[in-house]
Amino acid sequence: ATEGGVGRRPRKDVCVVDRSGGRTPRELGEGLAAEVAGEFHAGHIYVVTSFDAPRRRVVRVDDVAAGAAGWVDVVAEHSDAVLDSAVPTADGILVTRSTHAVSEVAIVAWDGSSERIVSLPNAGTAAVSGRYDQGSGGFITYTDYVTPPTVYALATDTGQSNPWASPPGAAPAPPAVP
């Protein structure tokens, strides 16, 4: 995906190029005053955007030719929390949201029909990452005022997390939360 803009309040044109076809850019959106970041998974394009959603949302692009009108909400904009990131996994989309610097991690079905909240050790900040092959599972990096950054391995099929890595010299990681 490519994007570009000029000036202090730039508008972006977002395009994709089919590398197997004629390599002609096709617009996903034109003149968007928004943040846009895309991921490809299983033949679909999933976009995290602030277009028509100041707190961000995740959309699936079903029809590239329709532009932004062809976007389908998968993770709607939350009424209170800001969507920080979305990572594709084999079991759904792993998302982080934050409200007043406190994170929430959820596993959302590909069609947005269900959402499972992942328990975190305390009220802190989390970041998520997926596997390089977009397979099952992911990782949560968690920290709070008294916990150094700790990485948890997350089974996205069950929602269970277990300590995976701690910084050198750190106290043992808090136990996994069921």
Could you grab me the full set of residues in segment 108-139 that are touching a Ser or Thr at 6+ places or on another chain (Cβ under 6 Å) and part of a strand (DSSP E or B)?
Thr125, Ala126, Ala127, Val128, Gly130, Gly138, Phe139
Residues of segment 97-132 satisfying the condition of being over 14 Å from the mean Cα position of the chain (by Cα), surrounded by 18 or more Cβ atoms within 10 Å (Cβ to Cβ) and either aliphatic (A, V, I, L, M) or under 24 Å from Trp71 (Cβ atoms) (or both)
Val118, Leu120
Enumeration of residues in segment 40-86 that are over 15 Å from the mean Cα position of the chain (by Cα), within 18 Å of Asp18 (Cα to Cα) and charged (D, E, K, R):
Asp62, Asp63
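Condition check ((1) more than 27 Å from Val16 (Cα to Cα); (2) at pLDDT below 90; (3) among the small types (Gly, Ala, Ser)) across all residues:
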{"site": "Thr99", "(1), (2), (3)": "yes, no, no"}
{"site": "Arg116", "(1), (2), (3)": "yes, no, no"}
{"site": "Asn122", "(1), (2), (3)": "yes, no, no"}
{"site": "Gly130", "(1), (2), (3)": "no, yes, yes"}
{"site": "Thr147", "(1), (2), (3)": "yes, yes, no"}
{"site": "Ala176", "(1), (2), (3)": "yes, yes, yes"}
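State the number of residues belonging to segment 77-94 that are of a type in the set (D, E, K, R), under 12 Å from Val58 (Cα atoms) and assigned to a loop (DSSP other than H, G, I, E, B). First the steps, then the outcome.
Applying the first criterion (of a type in the set (D, E, K, R)) to segment 77-94 yields 77, 80, 84, 91.
Going one step further and asking which of them are under 12 Å from Val58 (Cα atoms), we end up with 77, 84.
Now drop any that are not assigned to a loop (DSSP other than H, G, I, E, B), which leaves 77.
Total meeting the criteria: 1.
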All positions within segment 62-81 that are in contact (Cβ under 8 Å) with a residue 24 or more places away in the chain and either touching a helix residue (DSSP H, G or I) at 6+ places or on another chain (Cβ under 6 Å) or among the aromatic types (Phe, Trp, Tyr) (or both)
Trp71
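The values are calculated or read from the model by the stated rules, or taken from the named source; none is laboratory data. Being a predicted model, the structure only gives us computed values, none of them experimental. Every residue, glycine among them, receives a Cβ derived from its backbone with ideal geometry; neighbour counts consider all protein chains shown.
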